[in-house]
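Working notes, structure below.
The values are calculated or read from the model by the stated rules, or taken from the named source; none is laboratory data. Since the model is a prediction, treat every value here as computed from it, not as a measurement. In this analysis, Cβ positions are derived from the backbone assuming ideal geometry, glycine residues included, and neighbour counts consider all displayed protein chains.
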Amino acid sequence: MQCGLLGEKLGHSYSPRIHRELADYDYALFEKAPEEVEAFIRSGAWHGLNVTIPYKKTVIPLCDELSDTARTIGSVNTLLRRPDGSVFGDNTDAFGFETLLRKTLPGSIEGKKALVLGTGGASVTVCAVLRARGAAVVSISRRGEDNYNNLDRHADARLLVNTTPLGMYPNNGVSPVDLAFFPELEAVLDVVYNPKRTALLLRAEERGVPCAGGLTMLVAQAKRSSEIFLGRELPAGEIARITALLDASMQNIILIGMPGCGKSTVGKCLSELLGRPYAEADREIERAAGMSIPEIFAREGEEGFRARETAVLAELGKQSGTVIATGGGCVTRKENYPLLHQNGRLVWLKRPVEQLARKGRPLSLNADLNAMYARRAPLYEQFADFAADNTGTPEETAKTILEVLR
């Protein structure tokens, strides 16, 4: 059974991996130019297709029948070739967003104001689901009646959903709105799933507002598509299982801790055990500066080094599935936290002060490490998702970290 994803420029897609987890059919990526779409759909060389931008409307006239959901929304993202050769079109994005919504905000949204940022295809689907749930939906566009210049009129919004690509990799760190406008928010959702936490979601976290990215939506719509392809239901728990699997593989593992605590050695062990890329912040700083860290300190002082460090962490933090060893003082700048947290699990690697290595570390050579630890320990604790003692072998420490992560 041949299934796959149809689009114009697909690049990297998680869909093949998700569908491999769901069932044992072949799932390929079909990149087609606009003039090739009709011939491909009519060729019959496929059983089931997911459809992505920019063809979700293009394929509608090529369908012999549409589901009620697809007809209402005016968008198709799932195609099934029936035994008689006819093509059935459905929209499983709606089920995906409904799943994400109920997971994040399980209560009723009847009568509550929901702001939807953007007016593209994803926005149409999101608005349809919200209206079906009884929400009072307001779409925010750049030039419409409700736009980004008059957000103050919507201070009573209870739910905010971003359907724009703002904040999506590689343009991380950009938020479409300031959440200070919306003091009554009960949840914030973002259909973007890379990074795990967009700038919008990071701000929601800071305010203590329940929030979630689009990974659950991606997996849920794939499950519903797979059920259409197979003609049978799949276990409900597959959504949570596959979401957790993808989430774990996409997130970086980031080691923080005192200089000389073994972050580089343990990081390399983790990289080898997992088969993941490894990156070391200090080495990236040296590469970008064209000089060693002691030279940077001698020429630019600690402030100059910290500025370079933040710039490097901004790039490293965008990566996915990488093991990253940071410098010991990265926690002294609070702006480094969202750069690392956006797509990573932060592990505080702990080692007794008397066992810390000093060689090649400008701040450690002549410093009182006990005093340094006293200042930094609260910062490591604030940054870290959990701590791991590095008092055994690097391999033992790496395996302990993996046990916690799993």
### Query
So which of 321, 360 ends up being of a type in the set (Gly, Ala, Ser), modelled with pLDDT under 95 and part of a loop (DSSP other than H, G, I, E, B)?
360
### Task
State yes or no: is residue 307 farther than 24 Å from residue 342 by Cβ, surrounded by fewer than 17 Cβ atoms within 10 Å (Cβ to Cβ) and of a type in the set (A, V, I, L, M)?
no
### Task
Starting from residues that are within 30 Å of residue 119 (Cβ to Cβ) and among the acidic types (Asp, Glu), keep the ones in the range 16-73 and report whichever is surrounded by the fewest Cβ atoms within 10 Å (Cβ to Cβ).
35
#### Entry: Unmet criterion (only one of (1) in contact with a Ser or Thr (Cβ under 9 Å, 6 or more places away or on another chain); (2) under 21 Å from residue 324 (Cβ atoms)) for residue 386
(1)
### Query
Are there any strands (runs of 3 or more DSSP E) wholly within the range 19-124 with 2 or more residues that are out of contact with any Ser or Thr (no Cβ under 6 Å at 6 or more places or on another chain) and of a type in the set (Phe, Trp, Tyr), and if so which?
26-31
### Query
Which of the residues that make up the range 213-238 are crowded, with 17+ Cβ neighbours inside 10 Å, of a type in the set (Gly, Ala, Ser) and more than 16 Å from residue 16 (Cβ to Cβ)?
213, 214, 220
### Message
Take the residues in the range 155-178 that are under 16 Å from residue 209 (Cβ atoms) and surrounded by fewer than 18 Cβ atoms within 10 Å (Cβ to Cβ); name whichever of them is nearest to the chain's Cα centre (by Cα).
### Response
175
### Query
Quick one: what pairs do we get from the range 328-341, first residue farther than 15 Å from residue 199 by Cα, second assigned to a loop (DSSP other than H, G, I, E, B), C-beta under 7 Å, 6+ apart or different chains?
328/257; 328/258; 328/259
### Task
Scan the range 1-18 for residues that are part of a loop (DSSP other than H, G, I, E, B) and of a type in the set (A, V, I, L, M, F, W, C) and jot them down.
1, 10
### Out of 259, 294, sole residue that is in a loop (DSSP other than H, G, I, E, B) and either surrounded by fewer than 22 Cβ atoms within 10 Å (Cβ to Cβ) or in contact (Cβ under 8 Å) with a residue 60 or more places away in the chain (or both)
259
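This table checks each residue for (1) in the same structural domain as residue 393 (by TED's automatic domain parsing); (2) under 25 Å from residue 385 (Cβ atoms); (3) of a type outside the set (Asp, Glu); (4) touching a residue at least 40 places away in the same chain (Cβ under 8 Å).
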| residue | (1), (2), (3), (4) |
| --- | --- |
| 284 | yes, yes, no, no |
| 287 | yes, no, yes, no |
| 305 | yes, no, yes, no |
| 309 | yes, yes, no, no |
| 315 | yes, yes, no, no |
| 347 | yes, yes, yes, yes |
